[in-house]
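What follows is a short report on a single structure.
The values are calculated or read from the model by the stated rules, or taken from the named source; none is laboratory data. The model shown is predicted, which means the values in this text are computed figures rather than measured ones. Cβ atoms come from the backbone with ideal geometry, glycine included; neighbour counts cover every protein chain shown. SASA here: full protein model, heavy atoms, side chains in, ligands and nucleic acids out. Shrake-Rupley method; radii C 1.70, N 1.55, O 1.52, S 1.80 Å.
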Amino acid sequence: MRTLPVLAGFFAFAETASMRTASESEIRQHLPGTSELKEGKNGYEYRDGNKNGYKITNGQVCVLFPSKKTDCVNVKTDGKTFQMIDKKGGRTRF
């Protein structure tokens, strides 16, 4: 019974071990609504009526908030599954 949590941890690691940095194209294809974004003067992209700016690059999505604060996540994929990795190392499905 004690080996089950250890094996579960191993399989979680094995799943993420095959992950690679997602390309900008892959991120844009995976995220709905990216075709609606229009580039602003500051290099961020905006949706009409939305004050949050988005910067999508190879392996990263950053949000610029109206307060000028930014928050970025790294995006990894194995070609099918996408994961966001926050600055603390937390992983969630993307």
Checklist outcome for this item: A careful count of residues in segment 63-85 that are of a type in the set (Asp, Glu) and more than 18 Å from Gly53 (Cβ to Cβ) gives 1
Checklist entry - Are there any strands (runs of 3 or more DSSP E) wholly within segment 31-94 with 2 or more residues that are among the polar types (S, T, N, Q), and if so which? => result 70-77
Checklist entry - Is it the case that some residue within segment 66-87 is modelled with pLDDT of 95 or more, over 16 Å from the mean Cα position of the chain (by Cα) and not charged (D, E, K, R)? => result yes
Item to check | Filter pass, Gly49 being open to solvent by 70 Å² or more (accessible area, probe 1.4 Å) and over 10 Å from the mean Cα position of the chain (by Cα) | outcome: yes
